[in-house]
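The structure under discussion appears below in the form of structure tokens.
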Amino acid sequence: MPVRTGYVSYKVPFIRPSFPRAEDIATDMGRIVEANWYTNFGPYEREFSEAVASYVGPGFKAATFANATLGLMAALSEVIGRGDGSKFIIVPSFTFAAGPQAIDWCGYQPLFIDVEADTLQPDLVAAQTAHDEFGNQVAGILLCNTFGIGNSRVDEWDRWARETGLPLVIDSAAGFGSDYADGSKVGRAGVCEVFSFHATKPLAVGEGGAVVSSDVDLVSRLRSFQNFGFNASGGGATSLGLNAKLQEINAAIGLRQLSTLDRALTTRRTVVNRYRAELPRPFFRFPQQIEFSSVCFATVGLPDTASQQRALALLQSAGVEARSYYSPAVHRQDYFKTSARIGSLPATEHAVATGISLPVHQDMDPADVDLVISTLRALAGLS
């Protein structure tokens, strides 16, 4: 059945969230009502936060949040500290605006860097140049795992951050369930990593997020931050905070989603591997490591802007919803147009101008995958 998105009906929508059965959610809601505990770190939230941390690996802890943007704000505030507007945090422009906005909310200015052309991951050399040029005006780094794909150079970023004394926070919004190149789970690097559990993500709870770290004290501070800065021992606010708690019903949904996540990832990776196998290179170029990611969607680079626009038009005509991510890049968005940047960000500009993101669903109908592939093969002059 076609899915209506905005004003267009698509046979194959860009995102098709997969949620637990309504009756299962109703059962959880019944237990919440019986317990009379709807939020404020109830039993579902406590179990979910422990399960999230355990999924990343032994020795990790997690603080859940009402959404990932609040998690970013909390992480930056607690790891780097609140700024007075005079210092910078290094961040790629090829990302979602939530990260740079969180930087601004925490009292810093974003300092935009480019990405690597082949991986679309933030360029470490550009970050080093930013540090060389801005010196002690740089307060920290917000590294982004682009599209939730684990950065294959994350350990180099970790080493450089330690050498320079710059705190490293990682925005892994779409990356819960992704693997780094060494097989470890995304979530284990930097001082902490931030995840989104928005309805569009592979681990979807509706609205929600989490910050994962091996620093137990940091996670304790994060849980205080999300609860008005209250201390667990009572006495009111002991530090600056806000209300960012995850509700019990979202945590209950998260537990059900987490129990089936590995199977969901297998089905998503099956789709992206078909795209990679059947869309010919070099006309179609996929980011490195995408096959080891949670595959929120599948981004592919095309030869030029004309090919990008033709692909989007052909897919729409075939009833397939595709997108151009991240378009416009953050440094091109009105609020950030005057923000500092390192160079002209050519790889970012090229990625925006030539990339398309293809739909990937949990248990995606093979016929829908066939339709996407045949439409794009026709663009490349293949049957």
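Screening Arg263 against (1) on the phi < 0 side of the Ramachandran plot; (2) open to solvent by 40 Å² or more (accessible area, probe 1.4 Å); (3) touching a strand residue (DSSP E or B) at 6+ places or on another chain (Cβ under 8 Å); (4) not acidic (Asp, Glu) leaves a single unmet condition, (3).
Answer with yes or no whether Gln121 is buried (at least 24 other Cβ atoms within 10 Å of the Cβ) and in contact (Cβ under 8 Å) with a residue 12 or more places away in the chain. Yes, satisfied. When you scan the stretch 97-107, do you find a residue that is more than 19 Å from the chain's Cα centre (by Cα) and open to solvent by less than 30 Å² (accessible area, probe 1.4 Å), even just one? Taking every residue of the stretch 97-107 in turn, at least one turns out to be more than 19 Å from the chain's Cα centre (by Cα) and open to solvent by less than 30 Å² (accessible area, probe 1.4 Å). Take the conditions (1) in contact with a His (Cβ under 9 Å, 6 or more places away or on another chain); (2) open to solvent by less than 20 Å² (accessible area, probe 1.4 Å); Gly355 misses just one of them, which is (1).
For Arg46, the conditions (1) open to solvent by 30 Å² or more (accessible area, probe 1.4 Å); (2) more than 26 Å from Glu321 (Cβ to Cβ); (3) in contact with a Pro (Cβ under 8 Å, 6 or more places away or on another chain) all hold with the exception of (3).
Each row is one residue, and each column tells you yes or no for (1) of a type in the set (Lys, Arg); (2) in a loop (DSSP other than H, G, I, E, B); (3) open to solvent by 30 Å² or more (accessible area, probe 1.4 Å); (4) at pLDDT below 95.
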site: Val211; (1), (2), (3), (4): no, no, no, no
site: Asp217; (1), (2), (3), (4): no, no, yes, no
site: Ser220; (1), (2), (3), (4): no, no, yes, no
site: Arg223; (1), (2), (3), (4): yes, no, yes, no
site: Ser239; (1), (2), (3), (4): no, yes, yes, yes
site: Glu291; (1), (2), (3), (4): no, no, yes, no
site: Ser307; (1), (2), (3), (4): no, no, no, no
site: Arg310; (1), (2), (3), (4): yes, no, yes, no
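Would you check if Gly165 is surrounded by 24 or more Cβ atoms within 10 Å (Cβ to Cβ), of a type in the set (Gly, Ala, Ser), at pLDDT 95 or above and on the phi > 0 side of the Ramachandran plot?
no
Checking every residue in the stretch 114-135 against the condition of being touching a Phe, Trp or Tyr at 6+ places or on another chain (Cβ under 6 Å) and not in a helix (DSSP H, G or I) gives at least one match. Residues being open to solvent by 30 Å² or more (accessible area, probe 1.4 Å), closer than 27 Å to Gly150 by Cβ and of a type in the set (Gly, Ala, Ser) are represented in the stretch 320-340 by at least one member. Of the residues Arg269, Arg256, which is in contact with a helix residue (DSSP H, G or I) (Cβ under 9 Å, 6 or more places away or on another chain), part of a helix (DSSP H, G or I) and either open to solvent by 60 Å² or more (accessible area, probe 1.4 Å) or among the aromatic types (Phe, Trp, Tyr) (or both)? Among Arg269, Arg256, only Arg256 is in contact with a helix residue (DSSP H, G or I) (Cβ under 9 Å, 6 or more places away or on another chain), part of a helix (DSSP H, G or I) and either open to solvent by 60 Å² or more (accessible area, probe 1.4 Å) or among the aromatic types (Phe, Trp, Tyr) (or both). Quick check on the stretch 43-72: of everything there that is hydrophobic (A, V, I, L, M, F, W, C) and assigned to a loop (DSSP other than H, G, I, E, B), which residue is farthest from Ala252 (Cα to Cα)? So the residue we want is Phe60. Taking the stretch 136-160 as the range and being assigned to a helix (DSSP H, G or I), open to solvent by less than 10 Å² (accessible area, probe 1.4 Å) and closer than 19 Å to Ile80 by Cβ as the test, the residues that pass are Val154, Trp157. Among the residues of the stretch 73-90, those that are in a loop (DSSP other than H, G, I, E, B) and within 14 Å of Leu166 (Cα to Cα) comprise Ile80, Gly81, Lys87. Applying a threshold of 7 Å to beta carbon distances and a minimum spacing of six or more residues, or different chains, the list of pairs starting in the stretch 207-225 at a residue that is without any contact (Cβ under 8 Å) to a residue 40 or more places away in the chain and ending at one that is in a helix (DSSP H, G or I) and buried (at least 18 other Cβ atoms within 10 Å of the Cβ) is empty.
The values are calculated or read from the model by the stated rules, or taken from the named source; none is laboratory data. Note that the coordinates shown come from a computational prediction; the quantities given were computed from them, not determined experimentally. Cβ atoms come from the backbone with ideal geometry, glycine included; neighbour counts cover every protein chain shown. SASA here: full protein model, heavy atoms, side chains in, ligands and nucleic acids out. Shrake-Rupley method; radii C 1.70, N 1.55, O 1.52, S 1.80 Å.
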